[in-house]
Amino acid sequence: MTVTWEEAGWERVATGVGRCRLPGWDCTAGLVLGEGSALVVDAGSSLAEGARIRARAQELAGHRVTHLALTHPHFDHVFGAAAFPDAEVFAAVGMDTAFAYEREELRRDAIRGGLPAPHAEEAAAALAPPRHLVSGEWTLDLGGGRQALLANVGPGHTAYDLAILVPGAAPGDREVVFCGDLVEESGEPQAGPDAVPSQWPAALDRLLALGGEDALYVPGHGAVVDAEFVRGQRDELAARFGVSP
């Protein structure tokens, strides 16, 4: 029996591309389907949430999740990563160091953010360094003519910001860009102690160059937006942080 995107708990964005908004922190997880492969973008805030994302992705794909891309090292995006033990994991270069040396801070941040302490401790202990580190761009061949381009566009929201560009697979499809928290729609972009504010507007310039004017931009939190929204947020951040245009 064929399962629809909606029945599996996903919002279809383009042919073979979807996303879901997770409860709690309104964090986005993405899904890109290839031929015999499936790429998940971000893993949720706990091992249990990661397992739910994996199950929903596999229900729709009809096979296991083969690839996982992590957009940046914040608990609500990475603490579910260990629930994807069979996936090839990709992240921006430097994420391995962040996981090795900032694990305790991630755990504390998760608890401050409202994740129950046992869940935070379990996820932090299980967090493993990504196997594949992206320093520039990395093209994934997902089969059936489907590709995804992983691009290290940071620093900005963090020192390790990865974006994922998915070209259209059918006539009329728009390109889709998963932005991580470089872009937020449901609230003001959050600049924590690991942000690089002076470089954030330039990261959004790179993001816009990657996707172009007609792409759909999927933020780390909130609804799908267009290039005009991203450009407006870029200008707001530049003004907020005193960065020259």
Item to complete: Report the residue, chosen from F90, F79, F229, that carries the largest GNM mean-square fluctuation when the chain is represented by alpha-carbon nodes joined by springs under 10 Å.
Response: F229
Practice prompt. Please turn the phi angles of the stretch 169-179 into ³J(HN,Hα) values with the Karplus equation 6.51 cos²θ - 1.76 cosθ + 1.60 (θ = phi - 60°), one per residue in order, whole Hz, x for glycine and proline.
Written response: 10, 9, x, x, 5, 8, 5, 10, 10, 8, 9
Fill in: Distant-in-sequence amide H partners of R146 (H built 1.01 Å from N, under 5 Å)
E35
Discussion item. Leaving out ligands and nucleic acids, and using a 1.4 Å probe, what accessible area per residue does the chain come to in Å²?
Written reply: 42
Worksheet, complete the sentence: For A69, the residues 5 or more places away or on another chain with a placed amide H closer than 5 Å to its own amide H are V40, V41, D42, F90
Fill in: trypsin sites (Lys or Arg not before Pro) within the stretch 126-188, DSSP loop, no more than 13 other Cβ atoms inside 10 Å
R131
Worksheet entry | Protection-proxy order for peptides 151-158, 216-223, each taking the mean of Cβ atoms within 10 Å per residue, highest first | 151-158, 216-223
Worksheet, complete the sentence: On the accessible surface of the chain, probed at 1.4 Å with all protein chains in place, carbon and sulfur together account for a percent value of 50
Fill in: Cα gyration tensor shape for the stretch 52-160, rounded if a/c is under 1.5, else prolate or oblate
oblate
Worksheet entry | From the coordinates shown, Rg and Dmax of the Cα atoms in Å corresponds to which of [x] 18.5, 59; [y] 16.6, 55; [z] 16.5, 48 | [y]
Response to the item:
Diffing the stretch 146-155: the Karplus 3J(HN,Hα) column from phi (6.51, -1.76, 1.60, θ = phi - 60°), in whole Hz with x for Gly and Pro, holds 8, 10, 9, 9, 8, 10, 7, 9, x, x
Discussion item. Counting only other residues whose beta carbon sits under 11 Å from that of Y160, what net charge do I get with K and R as +1, D and E as -1?
Written reply: -4
Item to complete: Report, in whole Å, the centroid distance computed from the Cα atoms of the stretch 1-30 and the stretch 167-245.
Response: 20
Worksheet item: D173 to Q147: extension gain in nm, 0.36 nm per residue of separation minus the Cα-Cα distance?
Response: 8.0 nm
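The values are calculated or read from the model by the stated rules, or taken from the named source; none is laboratory data. The structure presented is a predicted model; accordingly, all values stated were derived computationally and were not measured. Don't worry about glycine lacking a Cβ; one is built from the backbone with ideal geometry, like all the others, and counts go over all protein chains shown. When the accessible area is computed, the model is the full protein with side chains, heavy atoms only, and any ligands, DNA or RNA have been set aside. Shrake-Rupley method; radii C 1.70, N 1.55, O 1.52, S 1.80 Å.
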